[in-house]
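**Q** Just passing along the structure, written as structure tokens.
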Amino acid sequence: MDSTVPRRWEHAVVTGGAGFVGSHLCTALMDAGTDVTCVDDFSTGRRENIEHLLDRPGFVFQRADVSEPFSVTRPPDLVLHFASPASPADYLRLGLHTLETGSLGTRNALALAHGADARFVLASTSEVYGDPQEHPQNERYWGNVNPVGPRSVYDEAKRFGEALTTAEAGEHGTDTGIVRLFNTYGPRMRGYDGRAVPTFIRQALAGEPLTVTGDGLQTRSLCYVDDTVRGILAAAAHSMRGPVNIGNPTEITMLELARWIIRLTGSPSEIRYIERPTDDPAVRCPDITLARDKLGWEPVVTAEEGLRRTIAWYREHTAD
Ligand code: NAD
């Protein structure tokens with residue numbers, strides 16, 4: 001972590017804690033002195049992501065599908081609901097599971113928080129903005145989502161999760177927050193999860209062509225995972241209901257990203273253009289004014305530094 005996390009909680013439950021973002025969250029919380037129960041079904045996460053935590057006092061791993069009612073052995077004072085497939089390759093393969101996790105799973109995680117009088121934070125996503133017609137996107141924009149398109153299993157699950165979280169706060173008075181994460185990258189993303197950064201790094205390190213979709217001019221804003229985790233914990237420590245955007249406003253085209261990764265890895269790889277997926281957003285960039293003003297948060301890791309750290313990790317780990 002780049003900055004210290006204030007010790008604000010005794011015991012946090014992190015659903016999806018064995019995934020990419022969740023495992024970094026568990027680590028940051030543990031390092032700050034908060035006990036953590038990680039609840040995960042390993043549908044897209046893996047044991048290696050939390051291996052370094054398993055023997056630490058205060059860390060408990062519980063294998064469970066949060067779409068089924070679940071309980072934990074000790075009441076939490078914070079529930080971070082991060083369970084959900086997140087990469088398009090995963091949620092297209094696990095459509096019904098994604099919808100159930102976003103609906104029933106969110107319901108069950110909210111019930112846990114309500115029963116324990118804990119703060120609850122939902123991991124939502126910039127995908128709620130769909131293929132946006134406003135740019136950059138601020139939290140007041142309602143989005144442009146195709147409800148029957150292939151990505152709808154994820155986008156609509158998250159939109160429903162936001163509605164559920166909002167209704168829960170209104171009807172039960174549960175202390176809830178919603179973070180809308182924009183593309184995050186870093187160590188522990190699976191090399192074959194289909195997202196651009198791990199795909200390009202895996203291809204560059206193997207000397208294979210980097211597969212850029214469409215003309216590569218579509219943009220994303222990439223936030224290094226340490227920055228994202230700091231933003232999430234700042235929102236958790238605040239009483240704001242949100243939603244609040246957490247992302248890096250520096251926009252980059254996919255073609256630029258591929259060229260950067262070729263340069264930073266020193267790879268002989270070339271670029272190969274492939275077909276662009278249906279409903280792939282043309283642009284994505286967060287307006288983070290709200291996070292800056294209310295949370296005092298903004299990303300600090302530059303793209304060059306974040307990519308260097310991520311590439312270093314992939315050099316040491318097999319890209320499976
Ligand atoms: P990930 O796939 O690496 O992690 C998700 C974790 O949730 C996995 O460990 C998986 O096994 C677990 N999970 C899925 N369904 C479950 C269920 N029903 N019960 C228990 N565990 C379950 O994905 P990630 O990139 O770490 O994303 C984590 C969260 O952050 C997701 O909610 C995602 O929507 C959100 N998010 C991530 C990004 C990003 O760029 N990484 C961007 C926006 C939002």
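The values are calculated or read from the model by the stated rules, or taken from the named source; none is laboratory data. None of the values given here were measured: they were computed from a predicted structure. A quick note on method: Cβ atoms are made from the backbone with ideal geometry, for glycine too, and the neighbour counts reach across all protein chains shown. The accessibility values were calculated without ligands, DNA or RNA, using every heavy atom of the protein model including side chains. Shrake-Rupley method; radii C 1.70, N 1.55, O 1.52, S 1.80 Å.
**Q** Across the range 1-25, what is the total count of residues that are at pLDDT 95 or above and of a type in the set (Val, Ile, Thr)?
**A** So the count comes out to 4.
**Q** Quick one: which residue in 134, 139, 168, 156 is among the acidic types (Asp, Glu), touching a helix residue (DSSP H, G or I) at 6+ places or on another chain (Cβ under 8 Å) and away from the ligand (no atom under 16 Å from the Cβ)?
**A** Among 134, 139, 168, 156, only 168 is among the acidic types (Asp, Glu), touching a helix residue (DSSP H, G or I) at 6+ places or on another chain (Cβ under 8 Å) and away from the ligand (no atom under 16 Å from the Cβ).
**Q** Separate question: Those residues that are closer than 24 Å to residue 282 by Cβ and under 12 Å from the mean Cα position of the chain (by Cα), I need them from the range 201-239; list them, please.
**A** Residues satisfying the conditions are 222, 223, 224, 228.
Yes/no matrix, rows are residues, columns are (1) under 22 Å from residue 270 (Cα atoms); (2) of a type in the set (D, E, K, R):
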| residue | (1), (2) |
| --- | --- |
| 148 | no, no |
| 201 | yes, no |
| 208 | yes, yes |
| 219 | yes, no |
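**Q** May I pose another question? Can you name the number of the only condition in (1) surrounded by fewer than 18 Cβ atoms within 10 Å (Cβ to Cβ); (2) more than 30 Å from residue 114 (Cβ to Cβ); (3) over 15 Å from the mean Cα position of the chain (by Cα) that residue 257 fails?
**A** Going through (1) surrounded by fewer than 18 Cβ atoms within 10 Å (Cβ to Cβ); (2) more than 30 Å from residue 114 (Cβ to Cβ); (3) over 15 Å from the mean Cα position of the chain (by Cα) one by one, residue 257 breaks only (1).
**Q** Please go through the range 288-320 and give me each residue that is open to solvent by 40 Å² or more (accessible area, probe 1.4 Å) and either among the polar types (S, T, N, Q) or not in a helix (DSSP H, G or I) (or both), ordered by number.
**A** Selection gives 289, 296, 298, 300, 302, 317, 318, 320.
**Q** Mind telling me which of the residues 213, 219 ends up being away from the ligand (no atom under 16 Å from the Cβ), out of contact with any His (no Cβ under 6 Å at 6 or more places or on another chain) and of a type in the set (Ser, Thr, Tyr)? Don't jump to the end; show me each part of the working.
**A** On the way: 219 fails: away from the ligand (no atom under 16 Å from the Cβ).
Exactly one of 213, 219 is away from the ligand (no atom under 16 Å from the Cβ), out of contact with any His (no Cβ under 6 Å at 6 or more places or on another chain) and of a type in the set (Ser, Thr, Tyr), namely 213.
**Q** Within the range 110-131, take every residue that is outside any loop (DSSP other than H, G, I, E, B) and over 17 Å from the mean Cα position of the chain (by Cα) and give me the one that is surrounded by the most Cβ atoms within 10 Å (Cβ to Cβ).
**A** Within the range 110-131, the match that is surrounded by the most Cβ atoms within 10 Å (Cβ to Cβ) is 113.
**Q** Across the range 5-37, what is the total count of residues that are in contact (Cβ under 8 Å) with a residue 60 or more places away in the chain and open to solvent by 30 Å² or more (accessible area, probe 1.4 Å)?
**A** Looking only at that region, the number is 3.
**Q** In addition: Among the listed residues 134, 162, which satisfies the condition of being assigned to a loop (DSSP other than H, G, I, E, B) and among the acidic types (Asp, Glu)?
**A** Only one candidate qualifies: 134.
**Q** Pull out all pairs, ordered by first then second residue, where Cβ-Cβ is under 6 Å, the residues are six or more apart or on different chains, the first lies in the range 147-158 and is in contact (Cβ under 8 Å) with a residue 12 or more places away in the chain, and the second is of a type in the set (Ser, Thr, Tyr).
**A** Going by the 6 Å Cβ cut-off, the qualifying pairs are 150/278; 153/91; 153/98; 154/91; 154/98; 157/98; 158/124; 158/125.
**Q** I've got another one for you. Sort out which residues of the range 151-177 are among the acidic types (Asp, Glu) and either open to solvent by 20 Å² or more (accessible area, probe 1.4 Å) or within 24 Å of residue 131 (Cβ to Cβ) (or both), and write them in order of number.
**A** Answer for the range 151-177, where residues must be among the acidic types (Asp, Glu) and either open to solvent by 20 Å² or more (accessible area, probe 1.4 Å) or within 24 Å of residue 131 (Cβ to Cβ) (or both): 155, 156, 162, 171, 175.
**Q** Shifting gears a bit: Are any residues in the range 42-64 buried (at least 20 other Cβ atoms within 10 Å of the Cβ) and within 12 Å of the ligand (Cβ to nearest atom), and if so, which ones?
**A** Within the range 42-64, 44, 45, 49, 50 qualify.
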